[in-house]
1. GluC sites (Glu not before Pro), restricted to the stretch 1-74: which are DSSP loop and have at most 12 other Cβ atoms within 10 Å?
2. Could you work out the relative contact order of the chain, using alpha carbon pairs under 8 angstrom and six or more residues apart, expressed as a whole percent?
3. Rg and Dmax of the chain, Cα atoms, in Å?
4. If you build a Gaussian network model of the chain, linking Cα atoms that sit under 10 Å apart, which residue out of Lys67, Lys26, Lys43 swings the most?
5. Nearest 20 debye, what's the magnitude of the dipole of the chain about its Cα centre given +1 on Lys and Arg Cβ and -1 on Asp and Glu Cβ?
6. Just to be sure I understand the model, the point goes 7 Å from the Cα along the line to the Cβ. What's the resulting Glu22 to Asp64 distance in nm?
7. To test your reading of the geometry: what angle, between 0 and 90 degrees and rounded to tens, separates the Cα axis of helix 52-67 from the longest principal axis of the chain?
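The numbers here are math on the coordinates, done by the rules we state, and not lab data. All values derive from a computational prediction rather than experimental measurement. Note that we place each Cβ from the backbone using ideal geometry, even for glycine, and neighbour counts take in every protein chain shown.
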Amino acid sequence: MYRQVITYDEFSQLAVRKGVCEACGKRGRRQHTFTMTENPWNKNSDGSVRTRREIYAALREKADEWKGEAFVHPGCESK
């Protein structure tokens with residue numbers, strides 16, 4: 001029995017956040033990569049399938065939202 005495998009294009013957006021930790025006061029840098037694939041289930045709020053341009057716009061929106069959050073070191077975050 002053969003199984004069909006479908007691969008979808010994956011798009012990514014790297015976000016970097018620098019600042020002073022609110023918990024300990026040290027300077028630091030964090031980065032996060034946001035990813036999304038172009039597939040039939042990745043839809044807009046109106047039900048239409050997202051285009052590549054819309055996927056990049058959504059990734060930039062997520063990255064900008066993440067950058068706007070307060071800066072905290074990973075070690076201080078778990079305390």
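1. Glu22, Glu69
2. 35
3. Spelled out, the Cα radius of gyration and Dmax of the chain are 17.4, 60 Å.
4. Lys26
5. It comes to approximately 380 debye.
6. Output for this residue pair reads 2.1 nm.
7. On a 0 to 90 degree scale, this one is about 20.
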